[in-house]
Amino acid sequence: MSASSATLLALAAGLALVGCGSEKINPADSGATTSSSGSGGAGAGGAGGSSSSGPVTRVVEERNPWGGPVGNLLVDGDFEFSIVLEGSSPQSGWLVFVPGGQGYLQGETGGLCKSGLRCGKIQTGALLFGRATSALNAPMVASLWAKPAEGEGCNVIDHYYIYCSFQGLQLPVPAVSETPDADGWCQYRGQIPPQSQSICAIIEMPVQVGLATTALVDAATLLPDTTASTQNIRGFEPAPAARRERLREVSKKVRERMPLGGDVPFRGRPLRRD
């Protein structure tokens, strides 16, 4: 190595040491506490840790973009893969229907959501149809989180399950509370008895006189509950007449999207609609 090259290397090393020496790192104290962000189990902690470090300047959250929990019987419970650009027509877990036809699922991102990196947005008059299945010979627990507009109650959202064959029956999933929690979110939770066929989720924001609003929806789950007693689980209930008519319209649109939506012959035997 020449003398000039050695001199340049020594100068570069000296500059690097000066640069590193000017950077200050302020790690959290060993006694710092971590608070739960309430966002799908994500942890959050204030920068600087203890109160002696000064005011919190940022909050860091860890979120899983791949959905969860494991065993969710909904195809896209966290809405990550159903939010598409208008005009696209993918095979997605949630289909949106608005007065007059099919719509597109709008979304929000990041800290506005309950979990993950994205969540859905529903508007007045819209209905979301979510594909799911059923646990084998076991009751299930259904849950959904929704965040209505500021000042609105949890009653702006109707959440229930129907047979994926649109048999006209429904099982409501009631709100845990009539008012949102401190973060503005409502949880809907209910038990579903064992089923012999697939069930699908409905999230609806019915039209109310004088009310035009939006809400975020996220963290929908349908999980097997093998430890639950079936004695106190409600059975499916007949849907109101207006809702039956709406579901008939949605059923027609859903079947139009299905490549095998009708009784298509296969090796001499018709395929069943279920």
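The values are calculated or read from the model by the stated rules, or taken from the named source; none is laboratory data. Since we're looking at a predicted model, the values are computed, not measured. Cβ placement follows ideal geometry from the backbone for every residue including glycine, while neighbour counts extend to all protein chains displayed. The accessibility values were calculated without ligands, DNA or RNA, using every heavy atom of the protein model including side chains. Shrake-Rupley method; radii C 1.70, N 1.55, O 1.52, S 1.80 Å.
List of remarks:
- The residues in the range 143-170 that are of a type in the set (A, V, I, L, M, F, W, C) and farther than 23 Å from G68 by Cα can be counted, and the count is 5.
- Hits in the range 48-62 - residues which are part of a loop (DSSP other than H, G, I, E, B) and either at pLDDT below 75 or not charged (D, E, K, R) (or both): G48, G49, S50, G54, P55, V56, T57
- Verdict on Q195 being in a strand (DSSP E or B) and modelled with pLDDT of 80 or more: no
- Among (1) open to solvent by less than 40 Å² (accessible area, probe 1.4 Å); (2) part of a loop (DSSP other than H, G, I, E, B) - the single one S177 does not satisfy: (1)
- Count - residues of the range 132-174 that are open to solvent by 50 Å² or more (accessible area, probe 1.4 Å) and over 20 Å from E249 (Cβ atoms): 10
- The range 159-180, residues that are among the hydroxyl-bearing types (S, T, Y) and in contact with a helix residue (DSSP H, G or I) (Cβ under 7 Å, 6 or more places away or on another chain): S177, T179
- Members of the range 161-174 that are part of a loop (DSSP other than H, G, I, E, B) and not aromatic (F, W, Y): C164, S165, Q167, G168, V173, P174
- Every residue from the range 109-122 that is open to solvent by 50 Å² or more (accessible area, probe 1.4 Å) and either β-branched (V, I, T) or at positive phi (or both): T109
- Applying a threshold of 8 Å to beta carbon distances and a minimum spacing of six or more residues, or different chains, the list of pairs starting in the range 85-108 at a residue that is surrounded by fewer than 10 Cβ atoms within 10 Å (Cβ to Cβ) and ending at one that is among the polar types (S, T, N, Q) and at pLDDT 75 or above is empty.
- Output for the range 240-264, where each listed residue is under 25 Å from the mean Cα position of the chain (by Cα) and modelled with pLDDT under 80: R255, R257, M258
- Within the range 180-225, being surrounded by 14 or more Cβ atoms within 10 Å (Cβ to Cβ) and among the polar types (S, T, N, Q) holds for Q187, Q191, Q195, S198, T213, T214, T221.
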